[in-house]
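Participant: Structure below; questions to follow.
The values are calculated or read from the model by the stated rules, or taken from the named source; none is laboratory data. In this text the structure is predicted, and so the values were computed from the model without any measurement. All Cβ positions, even for glycine, are placed from backbone atoms using ideal geometry, and neighbour counts span all protein chains on display.
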Amino acid sequence: MAVMGELVGAAGRTQGPGWSDLPGDLLESVLGRLPVPDRLRFPAVCTAWRSAAAASAARVEAVDVPSPWLMLPFNPTVHGQTRNASDGTCSEARFLSLYDGRTYGIPQPAPAVSERLCVGSSPDGWLVTADAASELHLLNPLTGAQVQLPPPDTLPFVHASRDADGRVVSYSLRCCFDEDDAAVVVPSESVAPDRLRFELYEKAILVSAPRKGQTGSWDGYAVMLICQPLSHLAIARAGDTRWTLLDTPSRRWVDAVRASSSVGAGGGQLVYALDSAGRVEAWDVDATTPTREAVAPACCCCSGRACSMSGTCSRYLVELSPGRLLQVHRLREAAHARYRCEPRPERVEYTTVHAELFEWTDGGRWTPVDGKSAGVLAGRALFLGKNTSLCVRVDGCMPELKGNCVYFTDDGPWSHDRCREVAPDVGVLDLADGTYRPPRGAARDLIWKWPPPVWFFPSCAD
């Protein structure tokens, strides 16, 4: 914001040819070096700057890595928020910029953002949200662009009960699994429409971002969904009216990340998927019938501490560079067993205390990585949670971030009550010395709980 203030101020003092007369290519170069908040203000300076921003948006976003924002819980004490008079819902989302430590409120399209649960976030600037009816949408919070995904009852184990007007009044979840070569059917459970999202959605991964077609429709996107019961994989692509369940018997999937450059045999986009045992498979999701290929076996080298904490240990998969995979085990302990900076001590269930790293090596095995000596995370930071698990370079390009650190948000297990009563596990873990701190400027907002915070990577391009 200081940068834009200096530019606009100078523009007002300039005699003769001014900032609005700068060549378009120079304006694009300036725009590409600005933080996201200043990019949003850039088009408002004058017509020439607005034209330069519109012409260069796609090219600038293709080469720039945005500094992460934290999507904050709804804070009812903030003044000036636009609320629905009938139900008190809020249409403004609030984000904490790690670049300058400032909070930004941005109006969002319906349905009300204060009633949405974020189950995914991509480095392209899109969120995957579940509204109060448990319907999923892709949402770019900066531009307001939105894409509705197929309804949940197109999954084979979800059934919707509707009233005479066709409105969903309840959902039921069916569960069937094999045990000793016999099918075991668990009686279906009926849940209210707003509760299904807590029972069904584990994580959504944006495989390819939406793009506007010539007719104005959204094309080219694909979303992979990790869903309950039994942590299945499902896929939905542009134009699909139903979710397609991927056949993975006896596998419980915990994370997935799109490959940065690798493509499948047919030239399609690959997605690396991680299961609960630490095995990795590569899925070609662009194929008419998605195919998979084994990449890495189970990771059996976790510490005894991690094994003893299996109930509070989460696994993530990160691609450090094309084909170079890192598996992260996030360990939690009971709240306040170690730290004193939690926002609401009496309602925090657990806190992240350690992360174990394992790199997939050319030798065909998972090799433990010593986090204290930096190594693979020298000059890099990890972002973990409901967002796409991501490794971000920080040296020289993001001075507000610190290398060899894990930036994490709470990712469950979620429930309707827990999301409204328990303070989220959000913070920065320094692997070198094991210290923990809340993100700069976030402690005050983390006394609130709903909706759970998530990392967001802002993009001004649709």
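Participant: Could you identify the single residue in 101, 88, 105 that is in contact with a Gly (Cβ under 6 Å, 6 or more places away or on another chain) and not charged (D, E, K, R)? Let's see the steps before the verdict.
Facilitator: Values: 88 fails: in contact with a Gly (Cβ under 6 Å, 6 or more places away or on another chain); 105 fails: in contact with a Gly (Cβ under 6 Å, 6 or more places away or on another chain).
From the options 101, 88, 105, the qualifying one is 101.
Participant: Could you go through segment 159-167 and let me know if any residue there is modelled with pLDDT of 90 or more, of a type in the set (Lys, Arg) and either outside any loop (DSSP other than H, G, I, E, B) or farther than 29 Å from residue 110 by Cβ (or both). Steps first, answer last, please.
Facilitator: Keep residues of segment 159-167 that are modelled with pLDDT of 90 or more, which gives 159-167.
Filter once more, keeping what is of a type in the set (Lys, Arg): 162, 167.
Remaining after also requiring either outside any loop (DSSP other than H, G, I, E, B) or farther than 29 Å from residue 110 by Cβ (or both): 162.
Yes: segment 159-167 contains one or more residues that are modelled with pLDDT of 90 or more, of a type in the set (Lys, Arg) and either outside any loop (DSSP other than H, G, I, E, B) or farther than 29 Å from residue 110 by Cβ (or both).
Participant: Which one of these does residue 230 not meet: (1) touching an Asp or Glu at 6+ places or on another chain (Cβ under 9 Å); (2) modelled with pLDDT under 90; (3) in a loop (DSSP other than H, G, I, E, B); (4) surrounded by fewer than 17 Cβ atoms within 10 Å (Cβ to Cβ)?
Facilitator: All conditions are met except number (1).
Participant: Of these, 242, 211, which one is in contact (Cβ under 8 Å) with a residue 60 or more places away in the chain, touching a Gly at 6+ places or on another chain (Cβ under 9 Å) and surrounded by fewer than 22 Cβ atoms within 10 Å (Cβ to Cβ)?
Facilitator: Numbers: 242 fails: touching a Gly at 6+ places or on another chain (Cβ under 9 Å).
Unique residue meeting the criteria: 211.
Participant: Considering segment 105-132 alone, what residues qualify as being surrounded by fewer than 20 Cβ atoms within 10 Å (Cβ to Cβ) and part of a strand (DSSP E or B)?
Facilitator: Answer for segment 105-132, where residues must be surrounded by fewer than 20 Cβ atoms within 10 Å (Cβ to Cβ) and part of a strand (DSSP E or B): 105, 106, 107.
Participant: Turning to a different aspect of this structure: Taking the conditions exactly as written (under 22 Å from the mean Cα position of the chain (by Cα), modelled with pLDDT under 95, of a type in the set (Ser, Thr, Tyr) and in the same structural domain as residue 211 (by TED's automatic domain parsing)), does residue 143 satisfy them or not? Show your work before the answer.
Facilitator: Values: under 22 Å from the mean Cα position of the chain (by Cα): yes; modelled with pLDDT under 95: yes; of a type in the set (Ser, Thr, Tyr): yes; in the same structural domain as residue 211 (by TED's automatic domain parsing): yes.
It is true that residue 143 is under 22 Å from the mean Cα position of the chain (by Cα), modelled with pLDDT under 95, of a type in the set (Ser, Thr, Tyr) and in the same structural domain as residue 211 (by TED's automatic domain parsing).
Participant: Testing residue 27 on (1) assigned to a helix (DSSP H, G or I); (2) over 18 Å from residue 460 (Cα atoms); (3) at pLDDT 75 or above, one condition comes back false. Which one is that?
Facilitator: The number of the failed condition is (2).
Participant: Taking strands (runs of 3 or more DSSP E) that fall entirely within segment 349-462, which contain at least 3 residues that are at pLDDT below 90 and either crowded, with 18+ Cβ neighbours inside 10 Å or more than 20 Å from the chain's Cα centre (by Cα) (or both)? Before you say what the answer is, go through the steps one by one.
Facilitator: On the way: elements: 350-360, 366-369, 380-384, 390-393, 405-408, 427-430, 454-456.
Result: 350-360.
Participant: Still on this structure, I have one more. If you check residue 452 against the conditions, is it touching a residue at least 40 places away in the same chain (Cβ under 8 Å) and assigned by TED's automatic domain parsing to the domain that holds residue 354?
Facilitator: Values: touching a residue at least 40 places away in the same chain (Cβ under 8 Å): yes; assigned by TED's automatic domain parsing to the domain that holds residue 354: yes.
So residue 452 fits the description; yes.
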